[in-house]
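Q: Below is the structure I would like to discuss, written out as structure tokens.
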Amino acid sequence: MPEAAPVTNQKDVVIKDTITVQPDANQRTFADLNLSPDMLAAVTEMGFTTPSPIQAEAIPPILAGRDVIGQAQTGTGKTAAFGIPALELVDPSDRSVQVLILCPTRELAVQVTEELRKLSKFKRGIYIETIYGGDSIDRQIRSLKKGVHIVVGTPGRVMDHMERNTLKLDNAKMIILDEADEMLDMGFREDIESILEDFPTERQTVLFSATMSKPILSITQRFQQDPVLVKVVKKELTAVNIEQVYFEIKPRAKTEVMCRLIDLYDLKLMLVFCNTKRKVEEIVEDMMIRGYAAEGLHGDLRQAQRNNVMSKFRAGTTTILVATDVAARGIDVDNVDAVINYDIPLDEEYYVHRIGRTGRAGKSGRAFSFVSRDEKYRFRDIQNYTKVRVEKGVIPSFEDIVGIRKARFIEQLSVDIKESKDLHLYGDMLTQLQHEGFTTDQIVSALMKRSMGIEKNEFSDQDLNADDRRNSKFEGDRGDSRGGRFDDRRNDSRGGDRGGRFEDRRGGDRFGGDRGGRFEDRRGGGRFDDRGPRPGGRFEDRGPRPGGDRFAGPREGGKPYFGKDNERPVREREANMTRLSVSIGRKDYVRPGDLVGAIAGESGIPGSSIGSIDIFDSHTFVDVPNDVANRVVASMDGNNIKGRRVSVEIAR
């Protein structure tokens, strides 16, 4: 119900009509909103019968021609709240632009367009066009010339078309600002004000925003006439249907824990958030090495690349999307099982926006936050901001995951046995193996191991919980002084905490370990990223140094010696692995992911089975399982990696 007294939000800004709605207060149906039969058919086909609170209270005044301010959080159905009345008010017989919708990002503009097309499915003759930077402006001009009713675009591209006179707004009667606070935060204020000034005076102005900041109220004062404020008050900033759990984790174990959670909850579609684009690339490469279909989204991608990544994620081809907060603005994908805060966000509101991308449309979702020791206080501030106490989770053990995988494998195998009609084609294989002296138990166990792909790694027998002690002997602290081997690790998923470490960190951590421990070269706190020298680190691997030899590894007994070949030492070979020599190295700008992808793609072995990778200036050593070494050599020798023809042989 409208409140009796006017609401004063800022000096000289008075909103007379305010509708404040509780999130569970709506008792209406779409049939109660006086919508056309075509629109009711569309929302019914989309699976909706009851409007969300913002839809129930905003649609009637917009249909009545009032200026409206809609204040609601992300994921509350704002697109339909303005999209339904906009479509209802369009005259299909007039092929001129009647509605302009401004969005902060190209992704959101595309998603709004897709939603409007679903809502207009049964409304014949309504044309909608999306215009944004990065897309062909010639294609957009051709489409606009044909005549469209609704234009959805970003402020910069809309301004461009207006200046070219290819977007004509003479007959436009409604302008909608979606995510207005985001647009202002991104620096579009001047563009928005210029567009509003050039818009026809006789118009309806609708503004949707998650917050009511002073710049928002300033626009309201200048460009809206007697607006209605529809404000959805949420008891909590985060949705009640999202299970929120945090884990206190040692930093370099975050990827391992993420993989365990995927197995534990059988997650099919995930969004992973981190704070930097470098971390995006690192996580994607780590997950791909482990055999997951992961893609990254950050600000350096071209528009065509971004479109390709999002298309694959929406289609389910990519199951894990790793993104920064800025790049992920406007992402709205249904059926996201979980959101993972790999890094704790730097802003409390980012947390709300992140986890709001799961648990949509009344469905349940999960939000997992990985909290390292240095992030504990930031995560406590987030809980104070959201007024939600997040439960601390227990990291599943390696044995837990093995048990879960076994149970699922047995279930799938049972289905195959019951439903497959051609199992007799494979019966002779068992007989052949038995003739070679193997027992049935050995054969079945080997097949299960090969099919399930379970391998122990450095984390399998470790406690992965963050260590609060000042003298922690794990990642980012002062190392483990038990002594150990000299080890140059490129891949975070292998290695171990078996010895002290000499660590090079560009992310601000200190050198750790004693003089007899491991050597690790890390450029970002994650795995080894062999992309050549980078300025600013305490130690940079620049290759041979004039006038002196480099530290080249331990002699017997763990004591270091200084080699004369100016190359780092080769780590010890893991059990049951064969070392291959590949004729490509650092000077060819090869990275571990390039080698893993090439070997897995050509030989058909899983990337997770590939062991240590040592990259030198002109060649690389790669460890592969003994039983597939010859297959890898045969499939890879003479193939191309990074555009170079390579030779591959078993290392001497």
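Here, each number is a calculation from the coordinates, and none is a lab measurement. Note that this is a predicted model, so its numbers are computed, not measured. Here the Cβ positions follow ideal geometry from the backbone for every residue, glycine too, while neighbour counts run over all protein chains shown.
Q: Can you work out the FRET efficiency for the pair Asp400 and Gln303, with r the C-beta to C-beta distance and R0 = 35 Å, to the nearest 0.05?
A: 0.25
Q: Using R₀ = 22 Å, calculate the FRET efficiency as 1/(1 + (r/R₀)^6) where r is the Cβ-Cβ separation of Arg95 and Asp226; round to 0.05. Provide the component values of the computation, followed by the final result.
A: On the way: r = 31 Å, r/R0 = 1.43.
Once rounded, the FRET efficiency stands at 0.10.
Q: Applying the Karplus parametrisation 6.51 cos²θ - 1.76 cosθ + 1.60 with θ = phi - 60° to the phi angles of the range 90-102, what ³J(HN,Hα) value in whole Hz is obtained for each residue in order, glycine and proline being reported as x?
A: 6, 9, x, 6, 9, 8, 10, 5, 10, 9, 10, 10, 9
Q: Same structure, new question: Amide H of Leu580 versus every other amide H placed in the peptide plane: which residues, excluding those fewer than 5 positions away on the same chain, fall under 5 Å?
A: Val622, Asp623, Val624, Ala651
Q: Something else now. In the range 191-221, which GluC sites (Glu not before Pro) are in a loop and have at most 16 other Cβ atoms within 10 Å, using DSSP for the loop call?
A: Passing sites in the range 191-221 are Glu202.
Q: If I model a spin label as a point 7 Å beyond the Cα along the Cα-Cβ vector, how far apart are those points for Asn275 and Ser136 in nm?
A: Distance between the two pseudo-spin positions: 4.2 nm.
Q: Between Asp617 and Asp347, what is the spin-label point distance in nm, taking each point 7 Å from the Cα along the Cα→C-beta axis?
A: Rounded to a tenth, the inter-label distance reads 4.7 nm.
Q: With a ≥ b ≥ c the root eigenvalues of the C-alpha gyration tensor of the range 242-395, is it rounded (a/c under 1.5), prolate (a/b larger than b/c) or oblate?
A: Details: a/c = 1.40, a/b = 1.33, b/c = 1.05.
Rounded shape, in that the Cα axes give a/c under 1.5.
Q: Mind sorting Ile401, Ile283 by how few other Cβ atoms lie within 10 Å of their own Cβ, fewest first? Write down the numbers at each step before the final one.
A: Working: Ile401 18, Ile283 25.
Lowest count first: Ile401, Ile283.
Q: Stretched out fully, how many nm does the piece from Leu40 to Thr440 gain, at 0.36 nm a residue minus the Cα gap?
A: Values: separation 400, 0.36 × 400 = 144.00 nm, distance 6.21 nm.
So the chain would gain 137.8 nm between Leu40 and Thr440.
Q: So, one more: Along the range 428-444, what does the Karplus equation 6.51 cos²θ - 1.76 cosθ + 1.60 (θ = phi - 60°) give for ³J(HN,Hα), rounded to whole Hz, x for Gly and Pro?
A: For the range 428-444, the Karplus-derived couplings read 5, 5, 4, 4, 4, 5, 5, 5, 7, x, 8, 7, 4, 4, 5, 5, 5 Hz, x marking Gly and Pro.
Q: Anything over 30 Å Cα to Cα? Flag those among Lys78/Lys376; Lys78/Lys168; Lys254/Lys312; Lys254/Lys418; Lys254/Lys387, in the order listed.
A: As for pairs spanning more than 30 Å Cα to Cα, those are Lys78/Lys376; Lys254/Lys418.
Q: If R0 is 45 Å, what FRET efficiency do you get for Gln383 and Lys121 from their C-beta distance, rounded to 0.05?
A: 0.60
Q: Could you calculate the contour length gain from Glu202 to Lys421, that is, 0.36 nm times the residue separation minus the distance between their Cα atoms, to one decimal place in nm? Can you show the working numbers first?
A: Numbers: separation 219, 0.36 × 219 = 78.84 nm, distance 7.07 nm.
Gain on extension, Glu202 to Lys421, equals 71.8 nm.
Q: Please go through the range 219-297 and write out the GluC sites (Glu not before Pro) that DSSP classes as loop and that have at most 13 other C-beta atoms within 10 Å. Mind dumping the intermediate values first?
A: Working: sites: Glu236, Glu243, Glu248, Glu256, Glu281, Glu282, Glu285, Glu295; in loops: Glu236.
Taking the range 219-297 and a limit of 13 other Cβ atoms within 10 Å, the loop GluC sites (Glu not before Pro) found are Glu236.
Q: Only counting other Cβ atoms within 10 Å, I'd like Lys449, Lys312, Lys173 sorted with the fewest neighbours first.
A: Ranked by crowding around the Cβ, least crowded first: Lys449, Lys312, Lys173.
Q: Still on this structure, I have one more. State the extension gain, in nm to one decimal, for the chain segment bounded by Asp185 and Asn576, taking 0.36 nm per residue of separation less the distance between their alpha-carbons.
A: Result for the pair: 135.2 nm of gain on full extension.
Q: Another one. Check which residues have an amide H placed less than 5 Å from Gln204's amide H, if you skip close sequence neighbours.
A: Hits under the 5 Å cutoff: Met174, Ile175.
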